[in-house]
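Notes to accompany the following structure.
The values are calculated or read from the model by the stated rules, or taken from the named source; none is laboratory data. None of these values were measured; they are calculated from a predicted model. Here the Cβ positions follow ideal geometry from the backbone for every residue, glycine too, while neighbour counts run over all protein chains shown.
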Amino acid sequence: MGMTESDDAVVIQKGKKAGEPHVITVNCPDKTGLGCDICRIILDFGLYITKGDVTTDGLWCYVVLWVVPHSNSLVIRWSNLKNQLLSVCPSCSSSFLLNLMPPRPRSTPVYLLKFFCLDRKGLLHDVTQVLCELELTIQTVKVTTTPDGRVLDLFFITDNKDLLQTKGRQDETLEQLHSVLGESCISCELQLAGPEYECHQNIPSLSPTVAEELFRSELSDEEARTQALSPDMTKLKNSIVTVDNSLSPTHTLLQICCVDHKGLLYDVLRPLKDRDIKICYGRFSPQSQGYRDLDLFIQLIDGKKIVDPDKQRILCSRLRAEMLHPLRVTITNRGPDTELLVANPVELSGKGRPRVFYDVTLSLKMLGICIFSAEIGRYSACDREWEVYRFLLDENCPFQLSNNGARSQVVDRVRRILMGW
């Protein structure tokens, strides 16, 4: 594979007809975890991968992905998507130093967006949608509703475009927010975050019972039934992960068959990236009757196959867990209030799953449930870090939240939106 100009490292070919997949091609120097980084960006832009191929010779990689928007109403800024994909591609000049000198992550400034306004149904999701469209990533949030029906929202955000320090970008952000808040907006401010950001990163401690339910690595039969229902609700999801070392003298073949969901390829590649496992060749087949097949030829970071039975077992177990329940959803009591909790594992790099806050607020808006308060934080459990979203729900809604049946309906709807069902 030959060298290319950096602008040609990512090529996006749009579908010629409505509904036809768009083709994203990435052709650049290789690095461990590049496929995961690419899939995370694609998920963050609201795109669904219909099929894909990955190949590498150890120094250079070639990735082709066919994608479609999750929603027909979604506006994709293709030039911005290309720029984001280029940002994770190693430069040609560093291709021979990747394994010796991994690039040091650059610190991204965090900004505080603070607004005070009159509350209404769907307000939090409408604001979140504006931030997503502006490519502003929510790092953490603190939302509080006052007794007189007003809401104080603190959003700690970073800018994917890295332009929020400019007046033009700040004015654009405030203008878009004022347009969605309308006359209900009392005040709206945007500034560089101070020490208060660190205070909001860690959430209040969870009760042992709730923590056990959210973070346990193995689910009971009853919990597996509720956590792992397939989209049509007629059967349980069945994830099959097998390891085969007989087909290649230098690679381990990892074969996966599971029910499809939004961000599936990202969920598979994330644990491989965290374990420094290289993908030398991969094929992500189109959906068939709701199921997906993946064939991945992989190696350890030292270029060897995975032959240790314990390492094989641990890897297969983690992959099954990620595919069966990549996001944990539950409703519990928090004092006299009803609390919805959503948790997802965080990459070792510190990145959380994109668009979770967007999807949860969308599902609650669709259900007609107002959010009394909300917060995002990090929590360590089961030898890994989790991102936890906590929502205190307004009891004045179409659901009797004290009823277990109604709670199950809310949990099911939230999970379906998160899983793309």
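Just wondering, is there one or more residues in the range 260-281 that are farther than 19 Å from ILE38 by Cα and of a type in the set (A, V, I, L, M)? Talk me through it step by step, then tell me what you get.
As a first pass, look at the range 260-281 and keep what is farther than 19 Å from ILE38 by Cα: none.
No; the residues of the range 260-281 include none that is farther than 19 Å from ILE38 by Cα and of a type in the set (A, V, I, L, M).
Would you point out which residue out of THR330, THR252 is in contact with a strand residue (DSSP E or B) (Cβ under 6 Å, 6 or more places away or on another chain), of a type in the set (Ser, Thr, Tyr) and modelled with pLDDT under 95?
Just one listed residue meets the conditions, THR330.
Just the residues that are surrounded by 11 or more Cβ atoms within 10 Å (Cβ to Cβ) and modelled with pLDDT under 85, please, taken from the range 199-211.
Scanning the range 199-211 gives HIS200, GLN201, ASN202, ILE203, LEU206, SER207.
Would you check if LEU81 is of a type outside the set (Phe, Trp, Tyr) and more than 22 Å from ARG353 (Cα to Cα)? Please lay out each step first, then the result.
Details: of a type outside the set (Phe, Trp, Tyr): yes; more than 22 Å from ARG353 (Cα to Cα): no.
Spelling it out, it is not the case that LEU81 is of a type outside the set (Phe, Trp, Tyr) and more than 22 Å from ARG353 (Cα to Cα).
Out of GLY263, GLY290, report the one residue that is among the small types (Gly, Ala, Ser) and either surrounded by 21 or more Cβ atoms within 10 Å (Cβ to Cβ) or closer than 30 Å to ASN396 by Cα (or both). Steps first, please.
Numbers: GLY290 fails: either surrounded by 21 or more Cβ atoms within 10 Å (Cβ to Cβ) or closer than 30 Å to ASN396 by Cα (or both).
Only one candidate passes the filter, namely GLY263.
Can you tell which of LEU181, LEU219, LEU214 is at pLDDT below 60, surrounded by 15 or more Cβ atoms within 10 Å (Cβ to Cβ) and either out of contact with any Ser or Thr (no Cβ under 9 Å at 6 or more places or on another chain) or outside any strand (DSSP E or B) (or both)?
Within the list LEU181, LEU219, LEU214, the selection yields LEU219.
To keep it simple, each residue is scored yes or no on (1) among the aliphatic types (A, V, I, L, M); (2) under 17 Å from the mean Cα position of the chain (by Cα).
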position: ASP44; (1), (2): no, yes
position: LEU47; (1), (2): yes, yes
position: VAL67; (1), (2): yes, yes
position: ASN72; (1), (2): no, no
position: ARG77; (1), (2): no, no
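Would you mind telling me which numbered condition in (1) surrounded by fewer than 21 Cβ atoms within 10 Å (Cβ to Cβ); (2) in a strand (DSSP E or B) ILE76 fails?
With respect to (1) surrounded by fewer than 21 Cβ atoms within 10 Å (Cβ to Cβ); (2) in a strand (DSSP E or B), ILE76 is out only on (2).
Which condition does PHE297 not pass, out of (1) over 21 Å from the mean Cα position of the chain (by Cα); (2) more than 13 Å from LEU254 (Cα to Cα); (3) not aliphatic (A, V, I, L, M), if it passes all the others?
Among (1) over 21 Å from the mean Cα position of the chain (by Cα); (2) more than 13 Å from LEU254 (Cα to Cα); (3) not aliphatic (A, V, I, L, M), the lone unmet condition for PHE297 is (2).
Out of (1) in a loop (DSSP other than H, G, I, E, B); (2) out of contact with any helix residue (DSSP H, G or I) (no Cβ under 6 Å at 6 or more places or on another chain), the odd one out for PRO326 is which?
That leaves (2) as the condition not met.
Being in contact with a strand residue (DSSP E or B) (Cβ under 7 Å, 6 or more places away or on another chain), outside any loop (DSSP other than H, G, I, E, B) and buried (at least 16 other Cβ atoms within 10 Å of the Cβ) is the requirement here; does LEU154 meet it? It would help to see each step written out before you state the result.
On the way: in contact with a strand residue (DSSP E or B) (Cβ under 7 Å, 6 or more places away or on another chain): yes; outside any loop (DSSP other than H, G, I, E, B): yes; buried (at least 16 other Cβ atoms within 10 Å of the Cβ): yes.
When the stated conditions are applied, LEU154 passes them.
Can you say whether ARG390 is at positive phi, outside the structural domain of GLY149 (by TED's automatic domain parsing) and touching an Asp or Glu at 6+ places or on another chain (Cβ under 9 Å), as far as the supplied structure shows?
When the stated conditions are applied, ARG390 does not pass them.
Out of GLY368, GLY350, GLY335, report the one residue that is surrounded by fewer than 20 Cβ atoms within 10 Å (Cβ to Cβ), on the phi > 0 side of the Ramachandran plot, touching an Asp or Glu at 6+ places or on another chain (Cβ under 9 Å) and of a type in the set (Gly, Ala, Ser). I'd like the intermediate steps shown before the answer.
Working: GLY368 fails: touching an Asp or Glu at 6+ places or on another chain (Cβ under 9 Å); GLY335 fails: touching an Asp or Glu at 6+ places or on another chain (Cβ under 9 Å).
That would be GLY350, the only listed residue that is surrounded by fewer than 20 Cβ atoms within 10 Å (Cβ to Cβ), on the phi > 0 side of the Ramachandran plot, touching an Asp or Glu at 6+ places or on another chain (Cβ under 9 Å) and of a type in the set (Gly, Ala, Ser).
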